[in-house]
1. From the alpha carbon gyration tensor of the stretch 315-397, can you work out the equivalent ellipsoid semi-axes (sqrt of 5 times each eigenvalue) and give them in Å, largest to smallest?
2. Among 267-276, 59-68, 222-231, what's the highest-first ranking by average C-beta atoms within 10 angstrom per residue?
3. Could you check what % of the DSSP bridge pairs in the chain are antiparallel, to the nearest 5?
4. Give the distance, in whole Å, between the Cα centre of the stretch 259-331 and the Cα centre of the stretch 156-235.
5. For all pairs of alpha-carbon atoms in the stretch 74-140, what percent lies in each bin of width 5 Å, listed from the first bin to the last filled one?
6. Using only Cα atoms and rounding to the nearest 10 degrees, what angle (0 to 90) does helix 166-180 make with the longest principal axis of the chain?
7. Considering only DSSP beta bridges with both partners in the stretch 315-397, what is the antiparallel share in %, to the nearest 5?
8. Calculated from DSSP H runs of 4 or more alone, at -39500 (n - 2.57) each and per residue, what is the 222 nm mean residue ellipticity of the chain, nearest 500?
Ligand code: GLA
């Protein structure tokens, strides 16, 4: 009787202890202390897709340094899909020897020599989306290989995963990266299918929230999977509570400079990404940029909003048909505001102080971030004429 009692008591203690542990411990993958502001860099996919090679990557690193982008805050050069060759008999992954004959370590050294950081891509499944070897079953091994190559950033995709559980798969890779001891930003790419904003805060530094971006103002491309810029923006409207320093919603990489939108539309794209505290990962050919593309990607006033240290993601605070107001708090009690005109005609759009949670009588300095000009002080509301398919972006400082 006494023995049965003791067994029951210890079972009870083990059970309640386990429960208590479950409640107390969040899923800890990476507490890597990285990406305290949204990552900034370049990724090969939007422009080059599978046609990557080391010459292209070196040219992008050269251009990021020479164009002034590095000095404006861009840091990571990330090779997306299709860099992989095969695994050797021990399961070690290597780079495609035709496209990357010098190997990944040499390429990383080159990128680092430009004062930049080096990123790479893999997939949680058996194969990547482009059909190259995936990481499933090789998580710790691949993480060790990347660390030996001096990789600083990993984008981890979600093709060919069968019935895998996303939370478990990303946690496993997060721990594998952490175990290397090398600081590696972990970029999760499961397209928002499993609501990662609800669980990935301690697993990844950023997580995609949608399918792939399509280089168009609005709509879908032929495969129906890639979606236009504004379709993506609409899907971010309620996600602001989940972002913050070290863990960001990722509405996908930039299309600025790729030719599918007008410069005015690209200004809107860049402004909205900044309001959303989105990673600013350029996706164009940095070695062949127009002056206007450079002016957009290197608008330091807009970048400063994206990189604001408070790290509070913006949201849509007003909508009246095609006229929208998006806003986020910035340091010092200020607000960054985007007046968005989705129509083809010019519209006057107003933001009221009430929408910004300001007292009506408050007077604020207004700065136009695209005209690079101070406007007259405003109180109670601010109105501007906004061109069709365009934005006016301002900061307000009381
Ligand atoms: C998926 C991702 C893209 C890109 C490709 C590569 O579609 O969402 O960003 O990485 O795979 O194949």
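1. Value: 20, 14, 11 Å, ordered largest first.
2. Listed from highest to lowest mean packing, they are 267-276, 59-68, 222-231.
3. The antiparallel proportion sits near 60 percent.
4. Their Cα centres are 20 Å away from one another.
5. 4, 17, 24, 24, 18, 10, 3, 0
6. That works out to roughly 80 degrees.
7. The antiparallel proportion sits near 100 percent.
8. Numbers: 11 runs with 112 residues, N = 398.
Helix-only estimate at 222 nm: -8500 deg cm²/dmol.
Every number here is computed from the coordinates shown, using simple stated rules; none is lab data. Everything numeric in this text was worked out from a predicted model, so none of it was measured. As a convention, Cβ positions derive from the backbone with ideal geometry for all residues, glycine included, and neighbour counts pool all protein chains shown.
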